Amino acid sequence: MKLVRYGNPGKEKPGLIDDNGQLRDLSAVVKDIGPEQLGDAALAKLRKQKIDKLPLVKGKPRFGSPVANVGKFIAIGLNYADHAAESGLPVPKEPVVFTKANSCIQGPNDPVMLPKGSVKTDWEVELGVVIGTRARYVPQKSALDYVAGYCTINDISEREYQIERGGTWDKGKGCDTFGPIGPWLVTRDEVPNPQKLAMWLDLNGQRVQTGSTKTMIFTVAKIVSYVSQFMTLMPGDVITTGTPPGVGMGMKPPLFLKKGDVMTLGIEGLGDQRQEVIPFKL
């Protein structure tokens with residue numbers, strides 16, 4: 001299934017995309033697409049719905065984040081060897097774990113706002129993993145059983161805040177609008193191997209990132225198992241798993257986002273995003 005949340009910010013309704021690419025309303029079936037709807041039993045009930053009987057949604061409504069009430073937004077850094085190289089950093093021996101603030105989460109096509117005074121805001125197309133079942137000290141061999149599904153994420157980053165302002169990376173990762181998620185949450189039954197997904201990002205129509213999840217240093221299963229050793233993963237938690245090369249920081253000379261830039265990005269089978277960059281405003 002391709003699950004979505006559509007409508008104005010803060011008033012999204014649950015829906016799904018049918019086999020013909022049409023948006024169907026799920027409001028009469030579930031209250032929302034959040035932690036309570038992401039477990040295996042809840043998803044099995046959704047699969048039993050007669051999709052062709054669900055109401056069609058007319059027009060082209062806004063898509064919000066396909067997951068409501070995200071508890072933790074966890075990120076993995078330097079998970080592609082060639083991205084680590086362009087960042088001038090060694091390949092990590094263990095996954096690099098940091099967090100993105102939940103307040104940065106937004107819809108896949110909402111504008112990205114430059115932070116106040118920012119001069120080094122950057123892009124990162126990444127595979128997102130949505131947890132469906134409570135995971136604590138789970139073995140790698142069964143880690144994917146705890147996943148509800150997958151999605152496209154743009155891990156927007158302010159590199160000066162991240163690298164030059166001391167301390168952890170979190171300061172450069174959680175600014176408002178820095179977490180576009182979606183358009184869909186694709187349930188794991190439709191993604192039999194999350195390590196074989198092509199991914200890309202264009203800036204103003206020019207391809208800057210081309211990659212595949214097959215080149216990850218740490219697989220999705222490894223990441224879920226690893227993170228569950230340090231914190232209990234709960235339904236609705238989101239993990240964004242690292243980016244392939246081609247970010248602005250790694251270019252010579254470096255290239256960063258400015259007002260009016262447009263990012264388009266996507267992952268095979270998980271849908272595309274589009275964001276226009278806008279200046280800071282309160």
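So the values come out like this:
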item	result
Verdict on Ile163 being closer than 24 Å to Thr213 by Cα and among the β-branched types (Val, Ile, Thr)	no
The range 180-194 residues that are within 19 Å of Lys100 (Cβ to Cβ), paired with ones that are surrounded by fewer than 24 Cβ atoms within 10 Å (Cβ to Cβ) and of a type outside the set (A, V, I, L, M, F, W, C) (beta carbon under 6 Å, 6 or more apart)	Pro180/Gln106; Pro183/Gly271
Flag for Pro92 being part of a loop (DSSP other than H, G, I, E, B) and touching a Lys or Arg at 6+ places or on another chain (Cβ under 8 Å)	no
All positions within the range 20-58 that are among the acidic types (Asp, Glu) and modelled with pLDDT of 95 or more	Asp25, Asp32, Glu36, Asp40
Flag for Lys13 being basic (Lys, Arg) and either under 19 Å from Arg188 (Cα atoms) or surrounded by 13 or more Cβ atoms within 10 Å (Cβ to Cβ) (or both)	yes
Restricting the range 158-186 to residues that are in a helix (DSSP H, G or I) and among the acidic types (Asp, Glu), the residue that is nearest to the chain's Cα centre (by Cα)	Asp170
Residues of the range 121-140 classified as in a loop (DSSP other than H, G, I, E, B) and surrounded by 21 or more Cβ atoms within 10 Å (Cβ to Cβ), total	4
Among the residues listed as Ala84, Ala101, the single one being modelled with pLDDT under 95 and either in contact with a Lys or Arg (Cβ under 9 Å, 6 or more places away or on another chain) or surrounded by 13 or more Cβ atoms within 10 Å (Cβ to Cβ) (or both)	Ala84
Selected residue (criterion: nearest to Val138 (Cα to Cα)) from residues of the range 233-268 that are small (Gly, Ala, Ser) and under 15 Å from the mean Cα position of the chain (by Cα)	Gly236
Some residue of the range 93-100 being touching a residue at least 60 places away in the same chain (Cβ under 8 Å), closer than 18 Å to Glu276 by Cα and assigned by TED's automatic domain parsing to the domain that holds Thr264	no
Selected residue (only one of Ile51, Ile17, Ile33, Ile76 is over 20 Å from the mean Cα position of the chain (by Cα) and of a type outside the set (Gly, Ala, Ser))	Ile51
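The values are calculated or read from the model by the stated rules, or taken from the named source; none is laboratory data. The structure presented is a predicted model; accordingly, all values stated were derived computationally and were not measured. Here Cβ is always computed from backbone atoms with ideal geometry, including for glycine, and neighbour counts include all displayed protein chains.
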